[in-house]
Amino acid sequence: MNGAELKQTLKEGGRVFGTMITHGHSPRWIPVLSGVGIDYAVIDTEHNPRSRAELGDYLTMFNTSGVVPIVRIPIPDAHYVTMAMDAGAQGVLAPYCETVEQVREVVAAAKWRPLKGEAVDRVVESGEHVSDATRAYLEARNRNSIAIIGIESVAAVNNLEAILDVPGIDGIFVGPNDMSISLGIPDDYDRPEYKETVKRVIDASEARGIATLVHHQTPELSAYWIEQGARFVLHGTDRRALAQGFQADFSKLRAAG
């Protein structure tokens, strides 16, 4: 699968499955992901220290795997978007967006690079291009580009309808930890306030044909949000999979011994 195919699957109402890479740095791990049943992976650079060179090597290998690489950038900023895309990412996840201006900047950089300045602002705001030739060139160059917007606070939810008006968004990401903290109920995912807020995000996004990612760590929670309409399924991390895999195996071995 590539970015264009992933977007088409979602556009047709389908579902895609992926995970978050938080600890893996060596490109030698990437071929393992080709056969585990995921369509994409989000490589974290918000909470994980990765150099630009490391990320470039990592993405080069990812683009041979059939798993679509999406980079979670540190902040919603055009500079970080283009660095990730130039390194080989087929998409970006911009965390903690709260304003229309932030979202326009991310979408402009992800979908219309290398166009910059007033020209790209005009494209995002009005759809007016420099020329038909420039439009065709940029659409072809960015056909795999995916733009995911992080809605992770009460302020973002309150501004969601205006954010969704920005053309070019391919996914809306809910970070449960940040969202629950913003609601005043840290990591309490059973509270009605949390469930109602996330459901509101899913329903508003789906009404615009935009799929939602809700990043949880247990199959039970991820399955719950699939049932609630999440189609851009983001489950677990490489760290969690490694820890739980070893824990399950060695618990059985210790019991046998």
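Residue count for segment 220-241 under the criterion of being among the basic types (Lys, Arg) and either assigned to a loop (DSSP other than H, G, I, E, B) or touching a residue at least 40 places away in the same chain (Cβ under 8 Å) (or both): the result is 2. Among the residues of segment 96-123, how many are crowded, with 19+ Cβ neighbours inside 10 Å and either over 20 Å from the mean Cα position of the chain (by Cα) or among the β-branched types (Val, Ile, Thr) (or both)? The total comes to 6. In this structure, does residue 60 turn out to be over 23 Å from residue 213 (Cα atoms), open to solvent by 70 Å² or more (accessible area, probe 1.4 Å) and hydroxyl-bearing (Ser, Thr, Tyr)? Answer is yes for this residue. Of all positions in segment 32-52, none carries a residue that is touching a helix residue (DSSP H, G or I) at 6+ places or on another chain (Cβ under 7 Å), surrounded by 20 or more Cβ atoms within 10 Å (Cβ to Cβ) and more than 18 Å from residue 215 (Cα to Cα). The single condition among (1) in a loop (DSSP other than H, G, I, E, B); (2) out of contact with any Phe, Trp or Tyr (no Cβ under 7 Å at 6 or more places or on another chain) that residue 38 does not satisfy is (2).
Does residue 145 meet the test of being in contact (Cβ under 8 Å) with a residue 60 or more places away in the chain and open to solvent by less than 30 Å² (accessible area, probe 1.4 Å)? Yes; evaluated as a whole, the condition is true for this residue. Note on segment 212-257: residues that are of a type in the set (D, E, K, R) and open to solvent by 60 Å² or more (accessible area, probe 1.4 Å) total 6. Of the helices (runs of 4 or more DSSP H) lying entirely inside segment 151-207, those carrying at least 2 residues that are over 19 Å from residue 237 (Cβ atoms), in contact (Cβ under 8 Å) with a residue 40 or more places away in the chain and under 19 Å from the mean Cα position of the chain (by Cα) are 154-158, 160-164, 192-207.
Answer yes if at least one residue in segment 13-30 is charged (D, E, K, R), surrounded by fewer than 16 Cβ atoms within 10 Å (Cβ to Cβ) and either under 24 Å from residue 223 (Cα atoms) or in contact with a strand residue (DSSP E or B) (Cβ under 8 Å, 6 or more places away or on another chain) (or both), and no otherwise.
Looking only at segment 13-30, we keep the residues that are charged (D, E, K, R), and these are 15, 28.
From what's left, surrounded by fewer than 16 Cβ atoms within 10 Å (Cβ to Cβ): 15, 28.
From the residues that got through so far, the ones that are either under 24 Å from residue 223 (Cα atoms) or in contact with a strand residue (DSSP E or B) (Cβ under 8 Å, 6 or more places away or on another chain) (or both) too are 15.
Yes, the conditions are met somewhere in segment 13-30.
Residues that are under 20 Å from the mean Cα position of the chain (by Cα) and closer than 16 Å to residue 20 by Cα: does segment 244-252 have at least one? No: zero hits.
The set of residues in segment 63-77 that are within 16 Å of the chain's Cα centre (by Cα) and open to solvent by less than 60 Å² (accessible area, probe 1.4 Å) comprises 67, 68, 69, 70, 71, 72, 73, 74, 76, 77. Here is the figure for segment 67-98: residues that are free of Cβ contacts under 8 Å to residues at least 40 places away in the same chain and hydroxyl-bearing (Ser, Thr, Tyr) total 2. Being modelled with pLDDT of 95 or more and part of a helix (DSSP H, G or I) is a property that residue 57 lacks. Would you mind stating whether residue 19 is hydroxyl-bearing (Ser, Thr, Tyr) and assigned to a strand (DSSP E or B)? Against the criterion (hydroxyl-bearing (Ser, Thr, Tyr) and assigned to a strand (DSSP E or B)), residue 19 qualifies.
The values are calculated or read from the model by the stated rules, or taken from the named source; none is laboratory data. Worth saying up front: this structure is predicted, and the values here are computed from it rather than measured. Cβ sites come from the backbone with ideal geometry, for glycine too, and all protein chains shown count toward neighbours. Surface areas here come from the heavy atoms of the whole protein model, side chains and all, with no ligands, DNA or RNA. Shrake-Rupley method; radii C 1.70, N 1.55, O 1.52, S 1.80 Å.
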